[in-house]
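> One structure is given below, represented as C-alpha coordinates, and several questions about it will come after.
The values are calculated or read from the model by the stated rules, or taken from the named source; none is laboratory data. As the structure is a computational prediction, the values presented were derived from the model and not from experiment. Here the Cβ is made from the backbone with ideal geometry for all residues, glycine too, and neighbour counts use every protein chain on show.
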Amino acid sequence: MAGPAARVREFFLLGGGEHGVGGGGDHGFGRGQHRNGHGPPCGRRGDPSGIPGTGADLRTLGERYRAEGRTVGLVTTSYLSDATPAAFAAHAASRFDRASIRTAYLAPGGPDPLLGGGLDLPRSMLEAAGFVVVEDAAGLAAATTSGVARLAGVFGLYLPYEFDGLGPYPSLAGTTCAALDVAGRNARASFLLIEGGRIDRACHANDLARCIGEVVGFERAVAAAVEWAVGRDDALIIVAADHETGGLEVPEDRGLWRWPVVRWSTTGHTAVPITVWAWGRWADRALGVEHLTDVHDGLADPAFPRPRITSMVRAKDGLALTWLAISGRVYQVQCSASAA
Ligand SMILES: [Zn+2]
(Lines give C-alpha, C1' and ligand atoms only; values in the text may rest on other atoms or scores of the structure.)
Protein backbone atom coordinates (compact mmCIF):
# COMPACT_ATOMS: atom_id res chain seq x y z
CA MET A 1 0.00 0.00 0.00
CA ALA A 2 1.76 3.11 -1.25
CA GLY A 3 0.15 5.84 0.81
CA PRO A 4 -3.09 7.53 1.61
CA ALA A 5 -3.84 8.48 -2.03
CA ALA A 6 -3.32 4.95 -3.21
CA ARG A 7 -5.86 3.65 -0.74
CA VAL A 8 -8.63 5.52 -2.50
CA ARG A 9 -8.75 3.23 -5.44
CA GLU A 10 -12.03 1.51 -6.00
CA PHE A 11 -15.53 1.70 -4.85
CA PHE A 12 -18.60 0.15 -6.18
CA LEU A 13 -22.24 0.75 -6.08
CA LEU A 14 -24.81 -1.92 -6.63
CA GLY A 15 -28.16 -0.40 -7.36
CA GLY A 16 -30.87 -2.89 -6.90
CA GLY A 17 -33.99 -3.78 -5.55
CA GLU A 18 -37.49 -3.04 -5.60
CA HIS A 19 -39.28 -4.42 -2.65
CA GLY A 20 -38.92 -6.09 0.68
CA VAL A 21 -36.68 -8.97 -0.25
CA GLY A 22 -34.16 -7.23 -2.30
CA GLY A 23 -33.46 -4.99 -5.10
CA GLY A 24 -34.08 -3.57 -8.53
CA GLY A 25 -34.86 0.03 -9.22
CA ASP A 26 -35.93 2.23 -11.98
CA HIS A 27 -34.27 5.30 -10.65
CA GLY A 28 -31.51 5.68 -8.15
CA PHE A 29 -29.67 8.29 -6.20
CA GLY A 30 -27.23 8.95 -9.04
CA ARG A 31 -28.48 12.44 -9.55
CA GLY A 32 -29.22 13.33 -5.95
CA GLN A 33 -32.96 13.62 -6.25
CA HIS A 34 -35.79 11.92 -4.48
CA ARG A 35 -39.07 11.36 -6.24
CA ASN A 36 -40.73 8.22 -5.09
CA GLY A 37 -43.20 6.86 -7.60
CA HIS A 38 -42.79 9.41 -10.39
CA GLY A 39 -41.30 9.05 -13.81
CA PRO A 40 -38.19 11.04 -13.05
CA PRO A 41 -36.00 13.33 -15.04
CA CYS A 42 -32.44 12.09 -15.23
CA GLY A 43 -29.64 14.30 -14.01
CA ARG A 44 -31.81 17.39 -13.83
CA ARG A 45 -33.33 19.33 -11.04
CA GLY A 46 -37.04 19.57 -11.66
CA ASP A 47 -38.89 18.93 -14.91
CA PRO A 48 -41.85 20.11 -16.96
CA SER A 49 -44.29 17.69 -15.34
CA GLY A 50 -44.60 19.87 -12.28
CA ILE A 51 -41.89 18.54 -9.98
CA PRO A 52 -40.30 21.58 -8.32
CA GLY A 53 -36.96 22.77 -9.53
CA THR A 54 -35.19 25.04 -11.96
CA GLY A 55 -34.65 22.53 -14.76
CA ALA A 56 -30.90 23.07 -14.50
CA ASP A 57 -28.59 20.12 -15.08
CA LEU A 58 -27.23 18.40 -12.01
CA ARG A 59 -23.76 16.94 -12.03
CA THR A 60 -24.15 13.17 -11.98
CA LEU A 61 -21.96 10.92 -9.89
CA GLY A 62 -20.72 9.39 -13.14
CA GLU A 63 -19.53 12.75 -14.45
CA ARG A 64 -17.94 13.59 -11.12
CA TYR A 65 -15.99 10.35 -11.01
CA ARG A 66 -15.01 10.41 -14.70
CA ALA A 67 -13.54 13.87 -14.11
CA GLU A 68 -11.43 12.33 -11.36
CA GLY A 69 -10.05 9.75 -13.78
CA ARG A 70 -12.11 6.86 -12.49
CA THR A 71 -13.65 4.16 -14.60
CA VAL A 72 -17.44 4.54 -14.54
CA GLY A 73 -19.37 1.47 -15.64
CA LEU A 74 -23.11 0.92 -16.02
CA VAL A 75 -24.53 -2.58 -15.71
CA THR A 76 -28.22 -3.51 -15.76
CA THR A 77 -30.66 -6.25 -16.69
CA SER A 78 -32.96 -3.59 -18.11
CA TYR A 79 -32.03 -1.51 -21.13
CA LEU A 80 -28.99 0.68 -20.61
CA SER A 81 -30.87 3.88 -21.37
CA ASP A 82 -33.39 3.13 -18.59
CA ALA A 83 -33.78 5.62 -15.77
CA THR A 84 -31.45 4.18 -13.11
CA PRO A 85 -28.29 3.89 -15.22
CA ALA A 86 -29.16 7.17 -16.96
CA ALA A 87 -29.36 8.97 -13.62
CA PHE A 88 -25.66 8.26 -13.12
CA ALA A 89 -24.39 9.50 -16.46
CA ALA A 90 -26.91 11.54 -18.49
CA HIS A 91 -29.14 14.60 -18.48
CA ALA A 92 -32.67 14.42 -19.81
CA ALA A 93 -35.96 16.09 -18.95
CA SER A 94 -37.68 12.71 -19.22
CA ARG A 95 -36.62 9.13 -18.67
CA PHE A 96 -38.16 8.43 -22.08
CA ASP A 97 -35.83 10.87 -23.86
CA ARG A 98 -33.54 7.99 -24.73
CA ALA A 99 -31.87 9.90 -27.58
CA SER A 100 -30.44 12.44 -25.09
CA ILE A 101 -29.39 9.66 -22.76
CA ARG A 102 -27.69 7.82 -25.62
CA THR A 103 -25.85 10.99 -26.65
CA ALA A 104 -24.39 11.26 -23.15
CA TYR A 105 -23.27 7.63 -23.22
CA LEU A 106 -21.62 7.91 -26.63
CA ALA A 107 -19.77 11.16 -25.94
CA PRO A 108 -16.01 10.98 -25.39
CA GLY A 109 -15.44 10.37 -21.71
CA GLY A 110 -18.85 8.77 -21.26
CA PRO A 111 -19.41 5.66 -19.17
CA ASP A 112 -17.50 2.48 -20.00
CA PRO A 113 -18.18 -0.41 -19.80
CA LEU A 114 -21.86 -0.48 -20.73
CA LEU A 115 -23.41 -3.91 -20.09
CA GLY A 116 -27.16 -4.41 -20.45
CA GLY A 117 -30.07 -4.25 -22.88
CA GLY A 118 -29.72 -2.29 -26.09
CA LEU A 119 -33.07 -0.57 -26.58
CA ASP A 120 -32.36 2.55 -28.68
CA LEU A 121 -28.62 1.87 -28.55
CA PRO A 122 -27.84 0.65 -32.09
CA ARG A 123 -24.66 -1.32 -32.60
CA SER A 124 -23.60 0.97 -35.46
CA MET A 125 -23.73 4.07 -33.25
CA LEU A 126 -21.81 2.36 -30.45
CA GLU A 127 -19.10 1.26 -32.87
CA ALA A 128 -18.91 4.74 -34.40
CA ALA A 129 -18.27 6.04 -30.86
CA GLY A 130 -15.36 3.65 -30.45
CA PHE A 131 -17.02 0.86 -28.51
CA VAL A 132 -16.21 -2.78 -29.13
CA VAL A 133 -19.70 -4.33 -29.12
CA VAL A 134 -20.48 -7.86 -27.96
CA GLU A 135 -23.92 -9.39 -28.02
CA ASP A 136 -23.79 -12.60 -25.98
CA ALA A 137 -22.03 -14.25 -23.04
CA ALA A 138 -19.35 -15.86 -25.21
CA GLY A 139 -18.50 -12.54 -26.84
CA LEU A 140 -18.34 -10.87 -23.44
CA ALA A 141 -15.93 -13.48 -22.10
CA ALA A 142 -13.66 -13.09 -25.15
CA ALA A 143 -13.72 -9.29 -24.93
CA THR A 144 -12.81 -9.11 -21.25
CA THR A 145 -10.02 -11.65 -21.76
CA SER A 146 -8.51 -9.63 -24.58
CA GLY A 147 -8.82 -6.35 -22.68
CA VAL A 148 -10.64 -4.16 -25.19
CA ALA A 149 -10.63 -0.43 -24.56
CA ARG A 150 -14.24 0.77 -24.68
CA LEU A 151 -16.66 -2.10 -24.13
CA ALA A 152 -20.41 -2.32 -24.76
CA GLY A 153 -22.23 -5.57 -24.05
CA VAL A 154 -25.65 -5.27 -25.65
CA PHE A 155 -27.89 -8.23 -24.90
CA GLY A 156 -31.18 -7.93 -26.75
CA LEU A 157 -33.42 -4.96 -26.01
CA TYR A 158 -33.22 -5.99 -22.34
CA LEU A 159 -32.24 -9.21 -20.57
CA PRO A 160 -34.79 -12.05 -20.26
CA TYR A 161 -36.03 -12.95 -16.81
CA GLU A 162 -33.64 -15.47 -15.27
CA PHE A 163 -36.69 -17.60 -14.44
CA ASP A 164 -37.32 -18.04 -18.17
CA GLY A 165 -33.73 -18.92 -19.01
CA LEU A 166 -31.09 -16.54 -20.31
CA GLY A 167 -30.31 -18.33 -23.57
CA PRO A 168 -27.06 -16.95 -25.01
CA TYR A 169 -27.03 -13.97 -22.68
CA PRO A 170 -24.98 -13.53 -19.50
CA SER A 171 -26.53 -13.39 -16.03
CA LEU A 172 -26.27 -10.23 -13.93
CA ALA A 173 -23.56 -12.01 -11.92
CA GLY A 174 -21.74 -12.62 -15.20
CA THR A 175 -21.91 -9.00 -16.34
CA THR A 176 -20.92 -7.91 -12.83
CA CYS A 177 -17.76 -10.04 -13.00
CA ALA A 178 -16.98 -8.69 -16.48
CA ALA A 179 -17.38 -5.11 -15.28
CA LEU A 180 -15.13 -5.84 -12.29
CA ASP A 181 -12.51 -7.20 -14.70
CA VAL A 182 -12.60 -4.00 -16.76
CA ALA A 183 -12.72 -1.72 -13.72
CA GLY A 184 -9.86 -3.56 -12.06
CA ARG A 185 -7.53 -2.45 -14.86
CA ASN A 186 -7.84 1.18 -13.86
CA ALA A 187 -4.94 1.85 -11.53
CA ARG A 188 -6.67 4.86 -10.06
CA ALA A 189 -10.27 4.16 -9.18
CA SER A 190 -13.50 2.75 -10.44
CA PHE A 191 -17.20 3.16 -9.91
CA LEU A 192 -19.82 0.68 -11.05
CA LEU A 193 -23.58 1.03 -11.02
CA ILE A 194 -25.06 -2.48 -11.14
CA GLU A 195 -28.82 -2.72 -11.34
CA GLY A 196 -31.16 -5.67 -10.95
CA GLY A 197 -33.46 -3.68 -13.16
CA ARG A 198 -36.15 -6.22 -13.90
CA ILE A 199 -37.21 -6.97 -10.32
CA ASP A 200 -39.32 -3.85 -10.66
CA ARG A 201 -40.85 -5.08 -13.93
CA ALA A 202 -41.82 -8.43 -12.41
CA CYS A 203 -43.36 -6.70 -9.41
CA HIS A 204 -45.35 -4.33 -11.62
CA ALA A 205 -46.83 -7.49 -13.14
CA ASN A 206 -47.33 -9.03 -9.64
CA ASP A 207 -45.37 -11.98 -11.02
CA LEU A 208 -43.98 -13.77 -7.97
CA ALA A 209 -41.93 -16.43 -9.78
CA ARG A 210 -40.07 -13.91 -11.92
CA CYS A 211 -39.70 -11.52 -8.99
CA ILE A 212 -38.01 -14.25 -6.96
CA GLY A 213 -35.85 -15.28 -9.91
CA GLU A 214 -34.64 -11.72 -10.45
CA VAL A 215 -33.95 -11.18 -6.74
CA VAL A 216 -31.92 -14.41 -6.65
CA GLY A 217 -30.03 -13.25 -9.74
CA PHE A 218 -29.35 -9.89 -8.10
CA GLU A 219 -28.18 -11.63 -4.93
CA ARG A 220 -25.70 -13.68 -6.99
CA ALA A 221 -24.37 -10.43 -8.47
CA VAL A 222 -23.89 -8.99 -4.97
CA ALA A 223 -22.15 -12.21 -3.91
CA ALA A 224 -19.81 -11.99 -6.91
CA ALA A 225 -18.89 -8.42 -6.02
CA VAL A 226 -18.36 -9.28 -2.35
CA GLU A 227 -16.21 -12.26 -3.30
CA TRP A 228 -14.12 -9.93 -5.47
CA ALA A 229 -13.81 -7.39 -2.67
CA VAL A 230 -12.98 -9.73 0.22
CA GLY A 231 -9.46 -9.07 1.42
CA ARG A 232 -9.28 -5.62 -0.19
CA ASP A 233 -9.17 -2.48 1.92
CA ASP A 234 -10.18 -0.10 -0.87
CA ALA A 235 -13.62 -1.31 -1.91
CA LEU A 236 -17.09 -0.21 -0.89
CA ILE A 237 -20.29 -2.00 -1.90
CA ILE A 238 -23.65 -0.33 -1.38
CA VAL A 239 -26.90 -2.16 -2.00
CA ALA A 240 -30.09 -0.14 -2.13
CA ALA A 241 -33.48 0.03 -3.73
CA ASP A 242 -35.06 3.22 -4.94
CA HIS A 243 -38.54 2.12 -3.89
CA GLU A 244 -40.76 -0.90 -3.38
CA THR A 245 -43.08 -2.09 -6.13
CA GLY A 246 -46.29 -4.08 -5.80
CA GLY A 247 -46.89 -3.88 -2.04
CA LEU A 248 -45.84 -7.51 -1.70
CA GLU A 249 -46.76 -9.18 1.60
CA VAL A 250 -46.20 -12.78 2.66
CA PRO A 251 -49.00 -13.68 5.10
CA GLU A 252 -48.09 -17.38 5.08
CA ASP A 253 -44.76 -19.14 4.65
CA ARG A 254 -45.62 -22.68 3.55
CA GLY A 255 -42.14 -24.08 4.09
CA LEU A 256 -39.30 -25.22 1.87
CA TRP A 257 -39.97 -25.89 -1.80
CA ARG A 258 -43.52 -24.60 -1.67
CA TRP A 259 -44.71 -21.25 -2.90
CA PRO A 260 -45.62 -18.96 -0.03
CA VAL A 261 -49.03 -17.35 0.14
CA VAL A 262 -48.54 -13.75 -0.98
CA ARG A 263 -50.67 -10.68 -1.36
CA TRP A 264 -50.02 -7.74 -3.71
CA SER A 265 -51.68 -4.41 -3.03
CA THR A 266 -50.89 -2.58 -6.28
CA THR A 267 -49.24 -2.85 -9.68
CA GLY A 268 -47.45 0.43 -9.00
CA HIS A 269 -44.72 1.73 -6.73
CA THR A 270 -45.29 2.12 -3.00
CA ALA A 271 -43.87 4.21 -0.17
CA VAL A 272 -42.77 1.15 1.85
CA PRO A 273 -39.42 2.03 3.48
CA ILE A 274 -36.42 0.47 1.77
CA THR A 275 -33.14 -0.54 3.32
CA VAL A 276 -29.60 0.47 2.44
CA TRP A 277 -26.84 -2.05 2.98
CA ALA A 278 -23.16 -1.19 2.77
CA TRP A 279 -20.09 -3.34 3.09
CA GLY A 280 -16.41 -2.54 3.04
CA ARG A 281 -14.32 0.54 3.55
CA TRP A 282 -16.25 3.73 4.34
CA ALA A 283 -19.48 1.76 4.70
CA ASP A 284 -20.41 4.00 7.61
CA ARG A 285 -20.78 6.86 5.14
CA ALA A 286 -23.72 5.07 3.56
CA LEU A 287 -25.41 3.57 6.60
CA GLY A 288 -27.87 5.19 8.93
CA VAL A 289 -29.06 7.69 6.36
CA GLU A 290 -32.57 9.04 6.44
CA HIS A 291 -33.04 9.58 2.70
CA LEU A 292 -31.47 7.95 -0.33
CA THR A 293 -30.32 11.38 -1.42
CA ASP A 294 -28.10 11.41 1.67
CA VAL A 295 -26.20 8.48 0.16
CA HIS A 296 -25.67 10.55 -2.96
CA ASP A 297 -24.51 13.50 -0.89
CA GLY A 298 -22.04 11.31 0.96
CA LEU A 299 -20.59 9.92 -2.25
CA ALA A 300 -20.56 13.30 -3.98
CA ASP A 301 -18.74 14.99 -1.13
CA PRO A 302 -15.34 16.12 -2.43
CA ALA A 303 -13.90 14.92 0.86
CA PHE A 304 -15.19 11.41 0.30
CA PRO A 305 -13.96 8.98 1.47
CA ARG A 306 -12.27 11.09 4.09
CA PRO A 307 -14.84 11.80 6.80
CA ARG A 308 -15.27 15.43 7.66
CA ILE A 309 -14.16 16.11 11.18
CA THR A 310 -16.61 18.67 12.47
CA SER A 311 -15.34 19.06 15.98
CA MET A 312 -12.96 17.51 18.39
CA VAL A 313 -13.18 17.57 22.16
CA ARG A 314 -10.21 16.37 24.12
CA ALA A 315 -11.17 15.04 27.49
CA LYS A 316 -9.04 15.38 30.63
CA ASP A 317 -8.34 11.68 30.84
CA GLY A 318 -6.44 11.64 27.58
CA LEU A 319 -9.30 10.49 25.38
CA ALA A 320 -10.25 12.29 22.18
CA LEU A 321 -13.80 12.45 20.90
CA THR A 322 -14.12 12.99 17.16
CA TRP A 323 -17.37 13.82 15.44
CA LEU A 324 -17.58 12.60 11.87
CA ALA A 325 -20.33 13.89 9.61
CA ILE A 326 -21.29 10.68 7.88
CA SER A 327 -24.03 12.11 5.75
CA GLY A 328 -26.40 15.01 6.15
CA ARG A 329 -27.56 15.04 9.72
CA VAL A 330 -25.98 11.72 10.67
CA TYR A 331 -22.87 11.77 12.82
CA GLN A 332 -20.56 9.13 14.15
CA VAL A 333 -18.69 9.77 17.38
CA GLN A 334 -15.32 8.09 17.70
CA CYS A 335 -13.48 7.77 20.98
CA SER A 336 -9.75 7.16 20.97
CA ALA A 337 -6.71 7.59 23.18
CA SER A 338 -5.17 11.02 22.69
CA ALA A 339 -1.77 11.10 21.06
CA ALA A 340 -0.84 14.22 23.03
ZN1 LIG B 1 -41.18 0.68 -11.57
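Quick grid of which residues meet (1) without any contact (Cβ under 8 Å) to a residue 60 or more places away in the chain; (2) polar (S, T, N, Q); (3) assigned to a strand (DSSP E or B); (4) assigned by TED's automatic domain parsing to the domain that holds D200:
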residue	(1), (2), (3), (4)
G62	no, no, no, yes
T77	no, yes, yes, yes
T84	no, yes, no, yes
A90	yes, no, no, yes
G110	yes, no, no, yes
S124	yes, yes, no, yes
A143	yes, no, no, yes
G153	yes, no, yes, yes
P160	yes, no, no, yes
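Each row is one residue, and each column tells you yes or no for (1) among the charged types (D, E, K, R); (2) within 21 Å of R220 (Cβ to Cβ).
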residue: P122; (1), (2): no, no
residue: M125; (1), (2): no, no
residue: A128; (1), (2): no, no
residue: V132; (1), (2): no, no
residue: D136; (1), (2): yes, yes
residue: A149; (1), (2): no, no
residue: V154; (1), (2): no, no
residue: L159; (1), (2): no, yes
residue: F163; (1), (2): no, yes
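> Let me ask you something else. Criterion first (surrounded by fewer than 20 Cβ atoms within 10 Å (Cβ to Cβ), over 24 Å from R232 (Cβ atoms), more than 16 Å from the ligand (Cβ to nearest atom) and assigned by TED's automatic domain parsing to the domain that holds Y65) does S171 satisfy it?
Considered against the rule, which asks whether it is surrounded by fewer than 20 Cβ atoms within 10 Å (Cβ to Cβ), over 24 Å from R232 (Cβ atoms), more than 16 Å from the ligand (Cβ to nearest atom) and assigned by TED's automatic domain parsing to the domain that holds Y65, S171 comes out as no.
> Are there any pairs with C-beta distances below 7 angstrom linking a residue in region 229-241 that is more than 17 Å from P273 (Cα to Cα) and assigned by TED's automatic domain parsing to the domain that holds A179 to a residue that is of a type in the set (K, R) and not in a strand (DSSP E or B), with the two at least 6 apart or on different chains, and if so which?
Short answer, once both residue conditions are applied: D233/R7; D233/R281; D234/R7; D234/R9; D234/R281; A235/R281; L236/R281.
> In region 254-279, how many are within 16 Å of the ligand (Cβ to nearest atom) and not β-branched (V, I, T)?
5
> May I ask you to list the residues in region 130-155 that are within 25 Å of L61 (Cβ to Cβ) and surrounded by fewer than 16 Cβ atoms within 10 Å (Cβ to Cβ)?
Matches in region 130-155: G130, A149.
> Could you tell me whether C203 is touching a residue at least 40 places away in the same chain (Cβ under 8 Å), out of contact with any strand residue (DSSP E or B) (no Cβ under 6 Å at 6 or more places or on another chain) and within 16 Å of the ligand (Cβ to nearest atom)?
no
> Just to verify a result, which residue in region 102-124, among those that are under 19 Å from the mean Cα position of the chain (by Cα) and among the charged types (D, E, K, R), is nearest to A149 (Cα to Cα)?
D112
Results for (1) over 22 Å from the mean Cα position of the chain (by Cα); (2) within 16 Å of the ligand (Cβ to nearest atom); (3) modelled with pLDDT of 85 or more, shown as yes or no for each residue.
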{"residue": "V239", "(1), (2), (3)": "no, no, yes"}
{"residue": "R281", "(1), (2), (3)": "no, no, no"}
{"residue": "A300", "(1), (2), (3)": "no, no, no"}
{"residue": "A320", "(1), (2), (3)": "yes, no, no"}
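> If you scan region 65-79, which residues turn out to be farther than 17 Å from G217 by Cβ and crowded, with 24+ Cβ neighbours inside 10 Å?
Scanning region 65-79 gives V72, G73, L74.
Per-residue answers, yes or no, for (1) within 16 Å of the ligand (Cβ to nearest atom); (2) under 30 Å from P260 (Cα atoms):
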residue	(1), (2)
A189	no, no
L208	no, yes
G213	no, yes
F218	yes, yes
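> Could you check how many residues of region 228-284 are among the aliphatic types (A, V, I, L, M), more than 24 Å from A178 (Cβ to Cβ) and surrounded by 12 or more Cβ atoms within 10 Å (Cβ to Cβ)?
Qualifying residue count for the region: 7.
> If you don't mind, another one. Return yes or no: is A224 more than 16 Å from the ligand (Cβ to nearest atom), modelled with pLDDT of 90 or more and either surrounded by fewer than 24 Cβ atoms within 10 Å (Cβ to Cβ) or not assigned by TED's automatic domain parsing to the domain that holds G69 (or both)?
For A224, the condition - more than 16 Å from the ligand (Cβ to nearest atom), modelled with pLDDT of 90 or more and either surrounded by fewer than 24 Cβ atoms within 10 Å (Cβ to Cβ) or not assigned by TED's automatic domain parsing to the domain that holds G69 (or both) - is met.
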